[in-house]
């Protein structure tokens, strides 16, 4: 979906790689690796709005990343529509 990390970056974002990965997993889902238990996160790309995906990605990077991120619904919409 995203061509490069700089597509997500604003001057306030220092968690670009984490933000990129979080947004991708929210949109596309994915398997859990590193465990003997098979688990998979479902894809929410068709169910969540741009604002919801941006909000969840910002929450995860703020809570578990080095610094908060500031992905807006508008920036995310441009990225989603670029494909």
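Residue 47: part of a loop (DSSP other than H, G, I, E, B), at pLDDT 85 or above, surrounded by 13 or more Cβ atoms within 10 Å (Cβ to Cβ) and more than 11 Å from the chain's Cα centre (by Cα), yes or no? Here the answer is no, as residue 47 does not meet what is asked. When each of 2, 76 is tested for being modelled with pLDDT under 85 and part of a helix (DSSP H, G or I), the lone residue that passes is 76. Looking at (1) more than 19 Å from residue 17 (Cα to Cα); (2) touching a helix residue (DSSP H, G or I) at 6+ places or on another chain (Cβ under 8 Å); (3) in a helix (DSSP H, G or I), find the lone condition where residue 61 falls short. Of everything listed in (1) more than 19 Å from residue 17 (Cα to Cα); (2) touching a helix residue (DSSP H, G or I) at 6+ places or on another chain (Cβ under 8 Å); (3) in a helix (DSSP H, G or I), residue 61 misses just condition (1).
The values are calculated or read from the model by the stated rules, or taken from the named source; none is laboratory data. Everything quoted here is computed from the prediction, not taken from an experiment. Please note: Cβ atoms are built from the backbone with ideal geometry, for glycine as well, and neighbour counts cover all protein chains shown.
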